[in-house]
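Contents: one structure, followed by commentary.
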Amino acid sequence: MTQDLEHRSRAFLDRTKKELMFCRIAWIAPDGTSIRYSIPMDSDASGDLVFGVVYQGPRPGWTAELAFVPRVLYLEEAAPPLSLGVSVEILGGMDMNRDGDMLDAFLVGQVEQRIYDSAGLLVDRSVATDLVVLAMVGQSPAGDVDADGILDPLFSVLDVAGSVVPAALIAPNGVRLRVTVAHWNFQDLRKSFIMRKLSDECVFRNSQ
Ligand SMILES: [Ca+2]
Ligand SMILES: [Ca+2]
């Protein structure tokens, strides 16, 4: 079971790294739940690279986005009530992140890929992973999912020293992308669960 959860996370991380390794970031959500980007392409075979999206062929000037879409909010039984417009489940007796309290909240959802044209209009959206992705909510979804004291945003950009770069400073300080994803499965008729978090990084091949 643990291997299955790791395999699901690994597959998503590998696909995302492959997609974003060459990207130029247009925008990243401050809480790391979405990232908008374009990739280099030689649309007219002239040897000049332009940035855009491959969507039914090369689309210079277009952008793509990977965005977490929440589906269910899970609350440990003493967690303060939260309203996020998704269905809510109370987890009686479960300390999901094993930090010794019943005060935490978690969002389970999917990652969507969206395609925008050069005017910024949404052209298409599809599920980038049909797998359940987990993020913790507190003040924001960029919470500490496994209670190790380090936040686990879905996407973060790092500088050469490995520090997280604020969204406004990605150009020119961002040199690496970190993607973190967690999966869980309930067991024993929902009396227990297994959760696995995986994180991976890639160095940007193009300057931001
Ligand atoms: Ca807890
Ligand atoms: Ca953590």
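We did not get these values from a lab; they are worked out from the coordinates using the rules stated. Fair warning: this is a prediction, and the values are worked out from it, not measured in the lab. Using ideal geometry, Cβ is built from the backbone for each residue, glycine included, and neighbour counts are taken over all protein chains shown.
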| note | Fewest to most Cβ atoms within 10 Å: M21, M102 sort as M21, M102
| query | Residues with amide H under 5 Å of V111's amide H, sequence separation 5 or more or different chain, H placed in the peptide plane at 1.01 Å from N; which? | reply | V69, A128, T129
| field | the chain, relative contact order [Cα under 8 Å, separation at least 6], % | value | 20
| note | Final fewest-first order of F22, F193, F12 on the 10 Å Cβ neighbour count is F193, F22, F12
| said: With the alpha-carbon atoms as the only input, what is the per residue convex hull volume for the chain in Å³? | reply: 131
| message | I'd like to know which of P58, T16, I39 lies farthest towards the positive end of the charge dipole of the stretch 13-58, counting +1 on Cβ of Lys and Arg and -1 on Cβ of Asp and Glu. | response | T16
| message | What do you get for the angle between helix 2-20 and the principal long axis of the chain? Use alpha-carbon atoms, 0 to 90 degrees, nearest ten. | response | 20
| What ranking of H183, H7 emerges when the number of other C-beta atoms within 10 Å of each C-beta is taken as an exposure proxy, fewest first? | H7, H183
| field | R10 versus D188: modelled label distance in nm, points set 7 Å from Cα along the beta carbon direction | value | 2.7
| said: Regarding the stretch 88-127, what's the average projected area of the Cα-atom convex hull, expressed in nm²? | reply: 4.6
| Candidates V111, V175, V145: whichever shows maximal mean-square fluctuation once the chain is modelled as a Gaussian network with Cα springs under 10 Å | V175
| query | Can you give the translational diffusion coefficient of the stretch 8-80 in µm²/s, computed by Stokes-Einstein from the Kirkwood radius over Cα pairs at 20 °C and 1.002 mPa s? | reply | 148
| said: For K197, give me every one of the aspartates and glutamates with a C-alpha distance below 14 angstrom, ignoring sequence neighbours fewer than eight places off in its own chain. | reply: D4, E6, D144, D146, D148, D152
